[in-house]
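Data block below; observations after.
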Amino acid sequence: MTLLYEVNIFKVSFTRKKEEKNDKIYRRRNCYISKKIVTNTCSIAFKDIDKIIKNNSVNLTRTLDLGCGFWRSTSYLQKFNPGQIFGSDIDEKSVDYCRKNNKDCTFFLNTPDSLQYEYNPFSAIFSILMLFHLETADEVKKEMKKCFFSLANKGHLIIITRTKELYTANYTSSRGVKAPINSGDRATMYLSDINLVVEDTYWSEQQLIDIATEVGFESYTLEYPLAEKFDETILPPFLILTLLKR
């Protein structure tokens with residue numbers, strides 16, 4: 001993910017150096033710290049989680065929020081009363097913030113060289129609005145492998161990510177700027193609620209399913225939540241991919 005503009009004050013141009021990647025994610029997430037409640041277009045990504053849990057009989061005994069950021073998604077998952085909930089992120093600042101502000105969950109750093117997540121096995125792993133930060137198919141595959149080997153048997157991986165439409169359509173709090181053509185393309189969108197233009201990597205549902213199958217997942221379901229305003233009524237901005245480890 002590349003931050004292009006910040007609050008219309010000045011243009012920011014970051015190099016793609018690996019050591020700067022975490023700081024870019026932190027700067028973007030910092031715009032959301034005060035937003036404890038998920039609202040506007042982003043809320044559509046969360047609206048069907050309860051249905052997904054129920055319809056797939058997801059076991060929440062040990063739940064991991066992968067890419068927890070500033071624990072906004074973690075706090076949302078807490079309302080389903082999981083037995084134990086964990087949060088993980090690649091950014092140390094985010095993890096430190098979570099540890100200081102949410103004492104009910106266990107937070108840890110997602111280290112790039114590990115083959116499994118700390119505190120595994122998990123009965124369920126949620127990846128909510130995280131995968132578009134990964135810039136190559138190899139990175140996506142590596143993270144899915146870690147999920148697979150960190151899940152207990154019959155555990156679920158629930159991926160919520162952006163559809164291609166989010167980079168093309170007009171939504172309540174976002175609009176497309178530069179649309180992707182193929183999976184793995186860079187794409188740009190404008191977030192009007194925080195006055196921010198960002199660049200992500202778009203991953204199609206088919207490529208995600210292909211990678212998941214290659215990693216070892218044997219069953220999946222796809223959901224496309226909708227809303228009641230603007231293009232959100234006919235063009236789903238997010239997809240929910242639920243994967244099962246046999």
Within straight cross-link reach of Lys100, meaning Cα distance under 18 Å, which aspartates and glutamates are found once same-chain residues fewer than 8 apart are removed?
Asp65, Asp89, Asp91, Glu92
For the pairs Lys141/Lys245; Lys142/Lys229; Lys142/Lys245, flag any whose C-alpha to C-alpha distance is greater than 26 Å.
Lys142/Lys229
Which of the three applies to the stretch 38-93, rounded, prolate or oblate, going by the alpha-carbon gyration tensor with a ≥ b ≥ c and a/c under 1.5 meaning rounded?
oblate
Candidate aspartates and glutamates for bridging to Lys93, where Cα separation is under 12 Å - those fewer than 8 sequence places away on the same chain excluded
Asp23
Segments 236-244, 152-160 sorted - mean Cβ within 10 Å per residue, highest first:
236-244, 152-160
Starting at the first residue of the stretch 201-207, write each ³J(HN,Hα) from the Karplus equation 6.51 cos²θ - 1.76 cosθ + 1.60 with θ = phi - 60°, in whole Hz, x for Gly and Pro.
10, 8, 10, 6, 4, 5, 5
For 46-52, 108-114, ranked highest to lowest by mean beta-carbon neighbours within 10 Å, the order is 46-52, 108-114
Set of aspartates and glutamates near Lys164 by C-alpha distance (under 18 Å), chain-local residues within fewer than 8 positions excluded:
Glu135, Asp185, Glu199, Asp200, Glu205, Asp210, Glu223, Asp231, Glu232
I'd like the distance between the alpha-carbon centres of the stretch 109-126 and the stretch 57-86, rounded to an integer number of Å.
14 Å
Any idea what log10 I(q)/I(0) is at q = 0.14 Å⁻¹ for the stretch 132-246, Debye with uniform C-alpha scatterers and no solvent?
-0.61
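Rule-based calculations on the coordinates, nothing more; no lab input. Predicted, not measured: the structure shown is a model, and the values here were computed from it. No Cβ is skipped: glycine too gets one built from the backbone with ideal geometry, and neighbour counts run over all protein chains shown.
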